[in-house]
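What follows is a single structure, written as structure tokens, with notes after it.
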Amino acid sequence: MTTRSGTPADGVLPHAMDAVIPRWDRRERHRLPVRADPHAVLRAAEELTWGEVPTFRRTMVTVGLGRTHLPPSHRVLSLFLDNGFEVLHRSDRQLVIGGIERISRQQPVVAMGADPATEFRSFDLPSHILIAFDFRHVDGVLTTETRVRCTDDRTRRIFGAYWFVIRPGSGAIRHVWLRGIRRRVERGA
């Protein structure tokens, strides 16, 4: 599959994903109306716990074949941030998280240094997958987008097959995640 380029989503505010991962091989976007202050929405996205999204939690534990321990009181984003992913961008309306994985998954996520966004954007060693996802709140709509870039053709083919299998479940999880954030905002947590 050929690599695609992105353009700003709304033409008004710059979209940090375009700076962090301007080219991608796979992309998935979801949206949900959330009428609230953008700061409150992004804070809810950062602080959402596994206990607030039990369907998502059960799915992740099942996929991990019981090896994944997700206490209800732990933040959902900790699953990523505690396992090598980094905050690549944070503003008053958007949070971007990203990580670089080896296609074998037998080795940990590639560690990024002092400037993770720059390292992420320029990374090109073969047999790796760059994964970035965001939460963005503009004009009363919360969106999440996931972009994936593979660093070579072999990795692109392998990941393409994997994406074909996981995409429907991944989309369902994203909707659960967005609804969990909205519920947290509505409760005023």
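Scanning segment 66-85 for residues that are part of a loop (DSSP other than H, G, I, E, B), within 21 Å of ALA114 (Cα to Cα) and of a type in the set (Gly, Ala, Ser) gives a single hit, GLY84. Among the residues of segment 47-89, just one is of a type in the set (D, E, K, R), at pLDDT 95 or above and touching a Leu at 6+ places or on another chain (Cβ under 8 Å), namely ARG75. Among the strands (runs of 3 or more DSSP E) confined to segment 86-138, the ones with at least 2 residues that are surrounded by 19 or more Cβ atoms within 10 Å (Cβ to Cβ) and of a type in the set (D, E, K, R) are located at 128-138. With respect to ALA44, is the statement that it is buried (at least 19 other Cβ atoms within 10 Å of the Cβ), modelled with pLDDT of 95 or more, in a helix (DSSP H, G or I) and in contact with a helix residue (DSSP H, G or I) (Cβ under 8 Å, 6 or more places away or on another chain) true? Judged against the criteria, ALA44 is a match.
Apart from one condition, THR155 fits all of (1) closer than 20 Å to PHE56 by Cα; (2) part of a helix (DSSP H, G or I); the exception is (1). Criterion applied to SER104, SER91 was being of a type outside the set (Val, Ile, Thr) and more than 27 Å from THR143 (Cα to Cα), and the one residue passing it is SER104.
The values are calculated or read from the model by the stated rules, or taken from the named source; none is laboratory data. Keep in mind the model is a prediction, meaning the values are calculated, not measured. Virtual Cβ from ideal backbone geometry, glycine too; neighbours counted across all protein chains shown.
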